1. Write out, first by first residue and then by second, each pair whose Cβ atoms fall under 8 Å of each other, whose residues are 6+ apart or on separate chains, and whose first residue, in the range 229-249, is of a type in the set (Val, Ile, Thr) while the second is assigned to a helix (DSSP H, G or I) and at pLDDT below 95.
2. Return the total of residues in the range 86-111 being small (Gly, Ala, Ser) and either buried (at least 21 other Cβ atoms within 10 Å of the Cβ) or closer than 21 Å to His146 by Cα (or both).
3. Can you pull out the strands (runs of 3 or more DSSP E) entirely within the range 139-256 that have at least 3 residues that are modelled with pLDDT of 95 or more?
4. Condition check: part of a helix (DSSP H, G or I), surrounded by fewer than 19 Cβ atoms within 10 Å (Cβ to Cβ) and either in contact (Cβ under 8 Å) with a residue 60 or more places away in the chain or of a type in the set (A, V, I, L, M, F, W, C) (or both). Does Arg51 satisfy that?
5. Within the range 145-189, how many residues are without any contact (Cβ under 8 Å) to a residue 40 or more places away in the chain and not charged (D, E, K, R)?
6. Confirm whether Val138 is free of Cβ contacts under 8 Å to residues at least 24 places away in the same chain and either more than 20 Å from Leu89 (Cα to Cα) or over 13 Å from the mean Cα position of the chain (by Cα) (or both).
7. Return the pair list, or none, for Cβ contacts closer than 6 Å from residues in the range 116-133 that are surrounded by fewer than 19 Cβ atoms within 10 Å (Cβ to Cβ) to residues that are assigned to a loop (DSSP other than H, G, I, E, B), at least 6 apart or on different chains.
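The values are calculated or read from the model by the stated rules, or taken from the named source; none is laboratory data. Not measured: the values here are computed from a predicted model. Note: ideal-geometry Cβ built from the backbone for every residue, glycine included; neighbour counts use all protein chains shown.
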Amino acid sequence: MTAELDIVIPVYNEGRNIVAALTALAALVRTPARVLICYDSADDDTLPAIRDNAASHAGLAVELVRNRGRGAHAAVMSGFAASTAHYVLMYPADDATNAAMLDRMVALARNGCDIVCASRFMPGGAMVGAPPLKAVLVRAANFTLHHLARLPTTDASNGFRMFSRRVIDCITVESDQGFCYSIELLVKAHRLGWPIAEVPVRWFERQHGQSRFRVLKWLPAYLRWYFYAFATTLLRRRPKSVTCKGGQTLPAQLQQ
């Protein structure tokens, strides 16, 4: 069966987390899906964990993708490049809690949404156990982006997000650090007027392994797209300012 959904999971030594995530996906996702495990090197302990526990996610199509480069950004871009499905979802390797929301996200995408955000801050969502600095920065950024820049999501910074094929194929990713690509695609789609929706998720600080999220290191890159969102709303920057892959302006029919 052809996959309607590609689930991209960037990994870096997620051996203690990945089996639970794949088990949940296999049990709870009904949409025809394929999982793309994006890894840096052959000695990543995620790989033997997947092989040794294949029975736990029997029936779930899982493919390994060697990253084109190293780091979180390279993993995401490698996943995008390997994807072929109508919808592409970025999913955390340590998330065994929210797999049941994926079919709901696909339903919204089928109804025309180009981006479906997983929100920790809408009713029904939660962010539990985050370090204080991260919690303050994340909540402040998302509050201002939603209420002042008028982004149609309460959680612009969460990398757990679904994209339509149109977003992946058309919008240029200029970011080259961490997970900045996610807010970049969001604010560009918003400027284009493309439909955006959200579903609630419950996020818990990881118990095993090391997060690749680097608040202070990536902050300058995030700020670029933070102010981009405000320029759309307050300075009325137009859709024609968004460039497509190849450096050209998006065709008029794709700006709608």
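1. As it stands, the answer is Thr249/Lys240, since those pairs meet every condition given.
2. Total meeting the criteria: 2.
3. 161-164, 196-200
4. No, not satisfied.
5. Here the count works out to 2.
6. Spelling it out, Val138 is indeed free of Cβ contacts under 8 Å to residues at least 24 places away in the same chain and either more than 20 Å from Leu89 (Cα to Cα) or over 13 Å from the mean Cα position of the chain (by Cα) (or both).
7. From residues that are surrounded by fewer than 19 Cβ atoms within 10 Å (Cβ to Cβ), the pairs are Met122/Thr154; Gly129/Glu205; Ala130/Glu205.
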